[in-house]
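Since every read-out is calculated from the coordinates, none of them should be taken as a lab result. None of the values given here were measured: they were computed from a predicted structure. Cβ atoms come from the backbone with ideal geometry, glycine included; neighbour counts cover every protein chain shown.
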Amino acid sequence: MANVAQKYAQALYDVVSTQNVLSEVYEEFTEINAAVARQMNDLKSIDYEPKITMTARHQIVENVFSGVQPFLMNTLKIVAGHRHLYLLPEIFKAFEAQYYADQSLADAYLESASVLDEEEVMQVKEALIKRTGLKDLIIHATVNESLIGGVRVKIGTKVYDGSIQNDLNQLVKKFNRAH
């Protein structure tokens with residue numbers, strides 16, 4: 001079903017990017033995705049209940065998501081009409097991936113041995129932006145005391161490891177090769 005989700009996401013993305021409402025739709029879709037994550041069982045019951053007609057599903061979508069951008073509302077109605085509301089998280093993920101790629105954005109998962117203040121996070125962010133060539137990074141910072149010191153950052157599949165734990169592991173490998 002990932003392919004189906006990708007098609008919904010791409011169709012929505014193509015329309016909203018040509019209509020200059022991309023940022024607005026991305027923000028609204030992000031909020032919807034967060035809300036939907038908590039209500040997946042309800043969405044599945046709407047999809048799987050044979051007594052709920054297409055018109056009723058459209059009405060449910062209009063009531064639940066009233067006020068969203070019209071292109072997003074139409075997409076949600078189409079998704080509901082095909083009994084694919086359970087795919088909303090996958091659709092959002094595909095939409096977000098396209099948005100990030102076109103906007104030259106990425107999520108950066110930053111681990112540090114202790115809590116970093118805002119200035120330190122900004123220094124790491126700026127260094128990573130220079131290194132990756134991206135326009136911006138969305139930093140998700142966590143504490144991992146096993147790093148001992150330094151930071152480890154994961155952006156996509158790439159890991160930048162400047163932790164003391166990594167340095168110690170590299171030393172152990174060198175010693176083992178020497179003997």
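Amide H contacts of residue 150: 113, 164, each under 5 Å away and 5 or more positions distant or on a separate chain (H built 1.01 Å from N in the peptide plane; Pro and chain starts excluded). Taking the Cα centre of the chain as reference, the dipole from Cβ charges on Lys and Arg (+1) and Asp and Glu (-1) amounts to some 840 debye. Once the chain from residue 41 to residue 115 is taken as fully extended at 0.36 nm per residue, the excess over their C-alpha distance is 23.0 nm. Excluding same-chain neighbours fewer than eight residues apart, the aspartates and glutamates reachable from residue 44 by a Cα-Cα span under 15 Å are 90.
Residues within the reach of a label modelled at residue 129 (point 7 angstrom out along Cα to beta-carbon, backbone nitrogen below 17 Å), restricted to the range 81-107, are 100-107. Among (1) 1.07; (2) 1.28; (3) 1.13, which is the computed Rg/Rh (Cα atoms, Kirkwood Rh)? The value computed from this structure is option (3).
Assign unit charges at the C-beta atoms only (+1 for Lys and Arg, -1 for Asp and Glu), then state the dipole size of the range 92-159 relative to its Cα centre in Debye, rounded to the nearest 20.
Numbers: 8 positive and 11 negative charges, 81 e Å.
Dipole size: approximately 400 debye.
Across the range 136-142, computed HN-Hα scalar couplings (Karplus, 6.51 cos²θ - 1.76 cosθ + 1.60, θ = phi - 60°) run 7, 10, 9, 8, 10, 8, 9 Hz from first to last residue, x flagging Gly and Pro.
For the pair the range 17-64 / the range 101-179, the C-alpha centres are spaced 36 Å from each other.
From least to most packed, judged by other beta carbons within 10 angstrom and beginning with the fewest, 146, 112, 45 follow the order 146, 45, 112. Relative to the longest principal axis of the Cα atoms of the chain, the long axis of helix 88-103 makes an angle of roughly 60 degrees.
For a straight C-alpha distance cut-off of 13 angstrom, the aspartates and glutamates reachable from residue 135 (same-chain residues fewer than eight places away being disregarded) are 102, 107, 126. Each residue of the range 116-129 was assigned a 3J(HN,Hα) from its phi angle through the Karplus expression (A = 6.51, B = -1.76, C = 1.60, θ = phi - 60°), giving 9, 7, 4, 5, 5, 4, 5, 5, 5, 4, 4, 5, 5, 4 Hz with x at Gly and Pro.
Each of the peptides 137-145, 23-31, 93-101 was scored by the mean count of other Cβ atoms within 10 Å over its residues; in descending order, highest first, they stand as 93-101, 23-31, 137-145.
Please go through the residue pairs 7/158; 130/154; 7/93 and name each one whose alpha carbons sit more than 18 Å apart in this structure. Checking Cα-Cα distances, 7/158 exceed 18 Å.
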